[in-house]
Amino acid sequence: MKEAVLFQQLLKRKKKLIMPMMIFFVLFYFALPVLIWFFPEWVYSERNSFFIPWWWLFAFFQLIVTWILGWIYWCKAKKHDELIEDLKQGKDI
């Protein structure tokens, strides 16, 4: 019984990690097509200090954000794996 409660707590922790990251990623991913659809003049303009269109910068940042979110998830998943191993061995989390 105690293990079931601890496992449920672990699942809640995991959900608290995954859901905000997933919501942010989906919103950030679909922001580029939405911006292109509603504000094409702004997205295609080169009025920035890099002299390239904004959509190129946004697409590049999508790559960076994807890698950062993946790294954060990987770090947090290692901690969750340790907690699962502790749970398997009968330790309290």
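The values are calculated or read from the model by the stated rules, or taken from the named source; none is laboratory data. From a predicted model like this one, the values you see are computed outputs, not experimental measurements. With ideal geometry, Cβ positions are generated from the backbone for all residues, glycine too; neighbour counts draw on all protein chains shown.
Considering LEU87, LEU83, the condition of being on the phi < 0 side of the Ramachandran plot, touching a residue at least 40 places away in the same chain (Cβ under 8 Å) and either touching an Asp or Glu at 6+ places or on another chain (Cβ under 9 Å) or not in a helix (DSSP H, G or I) (or both) is satisfied by LEU87 alone. Taken over the stretch 10-21, the criterion of being more than 26 Å from ILE64 (Cβ to Cβ) and either surrounded by 12 or more Cβ atoms within 10 Å (Cβ to Cβ) or touching a Gly at 6+ places or on another chain (Cβ under 8 Å) (or both) is satisfied by LEU10, ARG13.
For TYR73, state whether it is modelled with pLDDT of 85 or more and surrounded by 12 or more Cβ atoms within 10 Å (Cβ to Cβ). Spelling it out, TYR73 is indeed modelled with pLDDT of 85 or more and surrounded by 12 or more Cβ atoms within 10 Å (Cβ to Cβ).
Of the residues making up the stretch 10-21, those that are within 20 Å of ASP86 (Cα to Cα) and in contact with a Leu (Cβ under 9 Å, 6 or more places away or on another chain) are LEU10, ARG13.
Screening PHE28, PHE58, PHE7, PHE24 for residues that are surrounded by 11 or more Cβ atoms within 10 Å (Cβ to Cβ), aromatic (Phe, Trp, Tyr), in a helix (DSSP H, G or I) and in contact with a Leu (Cβ under 6 Å, 6 or more places away or on another chain) leaves exactly one candidate, PHE58. Among the residues of the stretch 31-53, write down those that are surrounded by 12 or more Cβ atoms within 10 Å (Cβ to Cβ) and either touching a Gly at 6+ places or on another chain (Cβ under 8 Å) or in a loop (DSSP other than H, G, I, E, B) (or both). Matches in the stretch 31-53: PHE39, SER45, PRO53. Residues in the stretch 56-84 that are within 21 Å of ILE23 (Cα to Cα) and among the aromatic types (Phe, Trp, Tyr): PHE58, PHE60, PHE61, TRP67, TRP71, TYR73, TRP74. Selection over the stretch 38-65 of residues that are modelled with pLDDT of 90 or more and over 30 Å from CYS75 (Cβ atoms) gives a count of 1.
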